[in-house]
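Contents: one structure, followed by commentary.
The values are calculated or read from the model by the stated rules, or taken from the named source; none is laboratory data. Predicted model only: the values in this text are computed from it and were never measured. Positions of Cβ are backbone-derived with ideal geometry, glycine not excepted, and every protein chain shown enters the neighbour counts. Ligands, DNA and RNA are excluded from the accessible area calculation, which covers all protein heavy atoms including side chains. Shrake-Rupley method; radii C 1.70, N 1.55, O 1.52, S 1.80 Å.
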Amino acid sequence: MDATDKADSQAYLPIENLLQLSDEQLKRDYLNYLKWTEPILQVLQQVDDEAQVLRLVKLALEVDWQLGAKLAGAVKPEFQAACVALVGDLEIPQDLKLHLLGITRSDCAIPILVSALNDTKENEQKINAIGNIGSEMAVEALINTLNHQSYDVRYYAAEELGKIGSKRAVEQLIYALKDQHYYVRSRAAEALGKICTEKAVAALSRALNDQDWNVRKCVEQVLISIRDDTFVAAGIREKAEQALSSISSERIFEIISALNDPDPDRRSYAAYMLGDIGGEAAVEALIRALNDEDSGVRSDAAEALGCVGTEIAVEPLICALNDEMDYVRMSAATALGIIGGEKAVEPLIHVLNDEDADVRACAADALGDIGNDKAVEPLILALKDRHCLVRRSAVMALGWIGKETAVETLIHALNDQDSGVRRNAARALADIGSNQVVEPLISTLNDENADVRLAAALALKKCGSSELLPDLIEILRELLQTIQYNRLFILEPLASIQKCCGYYNQAIATSTRC
């Protein structure tokens, strides 16, 4: 009888009997299995013995950090401080610890996270953890944090308040629309758009006159989103429409006129704005700007045409692929990839031979975005490019196009000298999906680079057999400790694999089978 069967036979044990089990039994037969997580959370809310509560949380942390963090926040309020402290005392990378404190969803974690803001490192994770808690106390802490001396803290606080959507934050977010840093003002505008009260929309209407174009651009997008959202109250949508209509025709004429300004920076600004506004008049003006004497304006005009996404711009953008400046050619290639269409494929294939590596890489990306089969063979040839940036883009593009004819070439790319190419090749193979990629990806799990190993593990989760899932749990848990960045990215696929397997820890499950 294996551990799962043993657990099933004891499904209705009273709390006192459960707590009488040994540490090994609790971990082996209960804590390690996802099906028992909710019942145990309910049990914890009834336990009055602090020693037993701490014991269960400690054991859960030994099984899985995220499980332990959930249990720490589920105990009775009088025990939460001690249990959250267990999470805070873990000897693990700081970004993971901050994330786990957020998972507790306990108000007891908030003072720890707020005091940690005195250290300038990993502020995003700290604020995000407070936002994950999402309680009234968390909202209050985030509102207070809008006055923090560091602009990045204020920025992330506004973002989290928008996610929570508490109307209590409206007044402080309106005040944040006057923050000295435009990043903060933009994020405050987005947060107000998510909370979406009449007072918030009125403040956004005034912010259309902000001194910084980035903020004005953001506010316009927020108001457009409110206007088009049928779930928003009709009166509020009408106010958003009124605010937008008051600027549209007059503003478009003003911006188009600015494309003739002597100052190239103002012409570039005008191109950016026209890309957001769109419309026939804006497109015609941007196409003319592709011939501007200033290369920066030409580049911005090409980028703006990509934002508009109109097929009318395809021919002019194809001409811009021959511009003398590399960054103009890059912008034109990227825009063609966004707009798409078969007409752009052959010109972009030709650009794969451009003298500049960045331009060649942009062309490969664009061909992947378009997804036309004609690009497969040229992209396979691009995997022989001397520059790793081009090879990285080419392998990803082949994955996006998704033709099995590229699989053999991508498998070969798993041995490229550049780790970025190997990483992208694993991702591309996952996108295509094929039985023949499993063995090469298993071999790649031994790659010297942690990012490549991670990409291979995630690819195997997507296209490998179910027999591989248990081993992938251990691989991802190891990567949580060894990878130098993007650790939190690993948690989601790890949780997904654990759900498929039905348990948290492969080592415990394997060692306890009879």
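Laid out as a table, the results:
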quantity: Environment charge at residue 210 (Cβ cut-off 10 Å; Lys +1, Arg +1, Asp -1, Glu -1); calculated: +4
quantity: Debye, to nearest 20: dipole size of region 453-500, +1 on Lys, Arg Cβ, -1 on Asp, Glu Cβ; calculated: 160
quantity: Stokes-Einstein diffusion coefficient of the chain, Kirkwood radius over Cα pairs, 20 °C, 1.002 mPa s, in µm²/s; calculated: 81
quantity: The chain, helix-only ellipticity at 222 nm - DSSP H runs n ≥ 4, -39,500 (n - 2.57), divided by all residues, nearest 500; calculated: -20500 deg cm²/dmol
quantity: Charge dipole (debye, nearest 20) of the chain; +1 at Cβ of Lys and Arg, -1 at Cβ of Asp and Glu; calculated: 1080
quantity: Per-residue ³J(HN,Hα) for region 26-39, Karplus 6.51 cos²θ - 1.76 cosθ + 1.60, θ = phi - 60°, Hz, x for Gly and Pro; calculated: 4, 5, 6, 9, 10, 4, 6, 10, 4, 5, 9, 4, 5, x
quantity: Average accessible area per residue (Å²) across the chain - probe 1.4 Å, nucleic acids and ligands excluded; calculated: 47
quantity: Nearest 10 degrees, 0 to 90: helix 234-245 Cα axis against the chain principal axis; calculated: 30
quantity: Size of charge dipole - region 276-329 - debye, nearest 20, with Cβ of Lys, Arg +1 and Asp, Glu -1, no other charges; calculated: 80
quantity: Interchain or long-range residues, amide H under 5 Å from residue 503's placed H; calculated: 34
quantity: Solvent-accessible area, 1.4 Å probe, carbon plus sulfur percent, for region 15-122; calculated: 49
quantity: Accessible heavy-atom area order of 205, 106, 443, highest first, probe of 1.4 Å; calculated: 443, 205, 106
quantity: Under 18 Å between alpha carbons - lysine pairs in region 11-111 that sit 8 or more apart or on different chains; calculated: 8
quantity: Net charge contributed by nearby residues that have their C-beta within less than 13 Å of residue 378 (K/R +1, D/E -1); calculated: -1
quantity: Loop sites in region 339-406: GluC sites (Glu not before Pro), DSSP, at most 12 other Cβ within 10 Å; calculated: 355
quantity: Long-range HN-HN contacts of residue 165 with modeled amide H, under 5 Å; calculated: none
quantity: Alpha-carbon centroids, region 193-211 and region 333-405: separation in whole Å; calculated: 42
quantity: Calculated from backbone phi, Karplus (6.51, -1.76, 1.60) coupling profile of region 416-426 in Hz, x at Gly/Pro; calculated: 4, 5, 8, 5, x, 5, 4, 4, 5, 5, 4
quantity: Computed over the chain: relative contact order in percent, which uses C-alpha pairs under 8 Å that are six or more apart; calculated: 9
quantity: Region 404-506, accessible surface, carbon-and-sulfur percent (1.4 angstrom probe); calculated: 44
quantity: Exposed-site-free run, longest, the chain (rule: chymotrypsin sites (Phe, Trp or Tyr not before Pro); DSSP loop; at most 16 other C-beta within 10 Å); calculated: 232-484
